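Worksheet: one structure, shown below.
Please treat every number below as a calculation from the coordinates, not as lab data. All values derive from a computational prediction rather than experimental measurement. Methodologically, a virtual Cβ is constructed for each residue, glycine included, from the backbone with ideal geometry; neighbour enumeration extends over all protein chains shown.
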Amino acid sequence: MVTGQTNSAASKGALQGIKVLDLSRILGGPLCGQILGDHGADVLKVEPPQGDDTRTWGPPFRDGVASYYYGLNRNKRIQFLDLSQHEGQQRVRELMGEADVVVENFKIGTMEKWGIGYEQMQAEFPQLIWCRVSGFGVDGPLGALPGYDAAVQAMTGLMSVNGEPDGDPLRVGLPVVDMVTGMNAVIGVLLALHERGRSGRGQLINASLYDSGISLLHPHAANWFMNGKIPQRTGNAHPNIYPYDVVNTSTSPIFLAVGNDRQFRLMCEHLGRADLGTDERFATAGQRSVNRVELKALLEQLLAHRDCVQLADELMAIGVPAAPVLDVEQALQAPHTLHSDMVIRMGEYQGLGAPVKLSRTPATYRHAPLSEGAEFLDPDAH
């Protein structure tokens, strides 16, 4: 676990000097802003007078603000403006004049109605990079409609391949579409910043939940493109690889992630059944996938008297990917989680660390959620 680093740290991050005006709320936009802030950007977040909706998405709460909000809004400084009023619009316009990047996820047409939309601001601030996070983009059959993570999971086929073969379609147990959209927004911002270094001009980035959901369909889309068969639910098992599945042991389930023939033979030897590695039913990846029901039954017999954690450690040691199935608390307290600085603390605040590690300009944690701020910082101040 790491503690917050201040502006006096030797490195201020790869995006030091970049000013981001975060006008977004809920998840995709705020996550984009937080990632940019973690890597050194100066992020000013503007919230409506009642605050970002996720402040109420609890329990748990701390001082009336939900944990959900805390997880998406560090390394920002917050101010409240009513953008439906002239005073708020004028202040945002002034901040846009100083910013490098605007991140927003208003309903399409809302900012235009207020006179501060991208097309209206482009002529005035041609260097400004504008990142629009939306449900479905601006146009097309679903253009400008509002989008929500679970609904988009349903519409893009994700739910259809998630769940047990004989069960109902399931929502992925975390807001994967929202989060990937936020990450795609970051990618777009970085691409636009790089291109601006050549042209001196900003541009509009569209990051939509729908496109992000469709983009997650690997390998199901690739399979369908090749064979035309509609992908089905396979539970914890991979549709193309086996054993790539949860298997029961005497203590708790273990996930076996055997990706090639060599790993399969190593596992069979370790389990005392080297013959399975050359059995024509299982000797190749394709045959293992076809004969997965037989193979799973054999593996559960072999593992019936094995301890999950011990076996996972033994298999990893010989080069066979395997893991115990942990709950969230166990995962967050795991030694490697702490070693990798994936849990950070700033006073009472605890959060997930930045997963991208840069050697010279690492992420820093400077502002806990709910820090106040009305102006961009002087990048040369210490």
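Observations on the structure shown:
- Packing-based order for 364-370, 82-88, 341-347, using average beta carbon neighbours within 10 Å, highest first: 364-370, 341-347, 82-88
- Here the relative contact order of the chain, from alpha carbon pairs under 8 Å that lie six or more residues apart, stands at 22 percent.
- One quarter of the convex hull surface built on the alpha carbon atoms of segment 181-286 amounts to 11.4 nm², the projected area averaged over directions.
- Convex hull volume per residue for segment 109-195, taking Cα atoms only, in Å³: 116
- Most fluctuating residue given options 302, 36, 170, as computed from a GNM of the chain linking Cα atoms under 10 Å: 302
- D_trans [Stokes-Einstein, Kirkwood Rh over alpha-carbon pairs] for segment 1-150, 37 °C, 0.692 mPa s, µm² s⁻¹: 200
- Candidate lysines - alpha carbon under 25 Å from residue 107, same-chain residues fewer than 8 apart omitted: 19, 45, 76
- Approximating the spin labels as points 7 Å out from Cα along Cα→Cβ, the residue 273-to-residue 334 distance works out to 2.6 nm.
- Within segment 1-154, DSSP assigns beta bridges of which about 10% are antiparallel (rounded to the nearest 5).
- Each label was represented as a point 7 Å from its Cα along the Cα-to-Cβ direction; for residue 3 and residue 232 these points are 5.6 nm apart.
- Estimated D of segment 42-103 in µm² per second, where Rh is the Kirkwood radius over Cα pairs and Stokes-Einstein applies at 37 °C, 0.692 mPa s: 256
- Full extension of the chain between residue 80 and residue 310 yields a length gain of 77.5 nm, computed as 0.36 nm times the residue separation minus the alpha carbon distance.
- Segment residue 374-residue 350, length gained on full extension (0.36 nm per residue, minus Cα span): 6.2 nm
- Shape class of the chain from the alpha-carbon gyration tensor: prolate, with a/c at 1.5 or above and a/b greater than b/c.
- Principal-axis tilt of helix 176-199 within the chain, Cα atoms, nearest 10 degrees: 60
- Averaging 1/r across all pairs of distinct Cα atoms in segment 1-87 and inverting the result yields a Kirkwood radius of 13.9 Å.
- Rough spin-label spacing in nm, given labels placed 7 Å along Cα→Cβ, for residue 297 and residue 166: 1.4
- Percentage relative contact order, segment 60-135, counting C-alpha pairs under 8 Å, at least six apart: 28
- What separates the Cα centres of segment 218-260 and segment 46-82 is a distance of 38 Å.
- With Cα atoms as the point set, segment 143-242 shows a radius of gyration and Dmax of 16.7, 56 Å.
- Base-10 log of normalised Debye intensity for segment 291-374 (one unit scatterer per alpha-carbon) at q = 0.11, 0.16, 0.17, 0.23 Å⁻¹: -0.54, -0.83, -0.88, -1.20
- Magnitude of the charge dipole for segment 65-205, about its Cα centre and with charges confined to Cβ atoms of Lys, Arg (+1) and Asp, Glu (-1), is about 420 debye.
- Sorting 75-81, 44-50 by average packing, meaning the other beta carbons within 10 Å per residue, from highest down gives 75-81, 44-50.
- Helix-derived mean residue ellipticity, 222 nm - over the chain, DSSP H n ≥ 4, -39500 (n - 2.57), to 500: -9500 deg cm²/dmol
- Computed lengthening from residue 154 to residue 280, 0.36 nm per intervening residue step minus Cα-Cα distance: 41.4 nm
- Ordering of 24-30, 220-226, 194-200 by packing [mean C-beta count within 10 Å, highest first]: 24-30, 220-226, 194-200
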